[in-house]
Amino acid sequence: MKFPLVYLIIALLFLNTSCSKEKEKISIVEEESLEMQMIRAYNDGLEELDRGDVIYAAKKFNEAELLYPQSIWAPRAALMAAYSYFSKFYYSDAVLELEKFLDKYKNHPRRDYAYYLLALSHYDQIIDETKDLNEILKAKKYFEIIIQKHPNTEFAIDSEYKLELIQELLASKEMYLARYYLDREKWIPAMNRFKVVVENYDSTIYVEEALHRLVELHYKIGLINESKKYAALLGYNYQSSKWYEESYGILNKDYAKISKRKNKNKEESLIKKFKDLLK
């Protein structure tokens, strides 16, 4: 028995529609299954993090992200992987995870947290500022990004505080090198380092000594006017500083003698008072 062509076409269309619906059902089932797997992996990560096995926790969070990357939980899982490493001081692994997150999730609302964790991962690796500036400079870079891009966050407040400490560390490095040259009577390299402190780190605790050393060194090599310029700057800003008194003594030798005599008289007076008490 032969079927008309029109019936064959209708039958084929019906089969195609049925197949399409079946494929859609299978796809939905698979998608739901992946989501459940992702949730399970994420929860496993949380449990392992609570237990203290941060490496396995990070792997589970990575697994959760890969299982269902289009989910809103995927970037959260990526951040949790980074935090897992950070929480137990695996800073290099944390940095890798955070750099991947920032590269992949350009518009995520928690980029501020990612930058903060990245800055801290470098900041917490600072060991000796006199030898290696790499971690200091990286931390500085990311703290500055937080202040610039996320100024109204709690992370920006702490970033400002951390940047002040970093400025002190960088100034300390310059002072270390300046004193190194000073001890070896290499006046010009020493002066250049002290100038860096005055010009770039004028809010740090080292600026007063740096100004005094510039007074001292310029006077030593015969540049008296330059020496007076730095003395005036020191006096204007830090008149009560011991460094200003020493600088004033360099430029006014008579003052240095009078000051020394006063200190000697004060010392003798105190000794006399102590003797009187023993009588």
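Checking every one of the trypsin sites (Lys or Arg not before Pro) in the stretch 100-151 against DSSP loop status and a limit of 15 other Cβ atoms within 10 Å picks out K106, R110, K131. Couplings 3J(HN,Hα) for the stretch 136-148, derived from phi with the Karplus relation 6.51 cos²θ - 1.76 cosθ + 1.60 (θ = phi - 60°), are 4, 5, 5, 4, 4, 4, 6, 5, 5, 4, 4, 5, 6 Hz, where x marks Gly and Pro. Pairs exceeding a 21 Å alpha-carbon distance, out of K195/K220; K195/K228; K60/K149; K140/K242; K162/K229; K59/K138: K60/K149; K140/K242; K162/K229; K59/K138. Calculate the translational D of the stretch 26-88 in whole µm² s⁻¹ from Stokes-Einstein, where the hydrodynamic radius comes from the Kirkwood formula applied to all Cα pairs, the temperature is 37 °C and the viscosity 0.692 mPa s. Answer, rounded: 289 µm²/s.
Taken together, the values in this text are just the output of simple stated rules run on the coordinates, not laboratory data. Remember, predicted model here, so these are calculated numbers, not experimental data. FYI the Cβ positions are ideal-geometry reconstructions off the backbone, even for glycines, and counts take in every protein chain you see.
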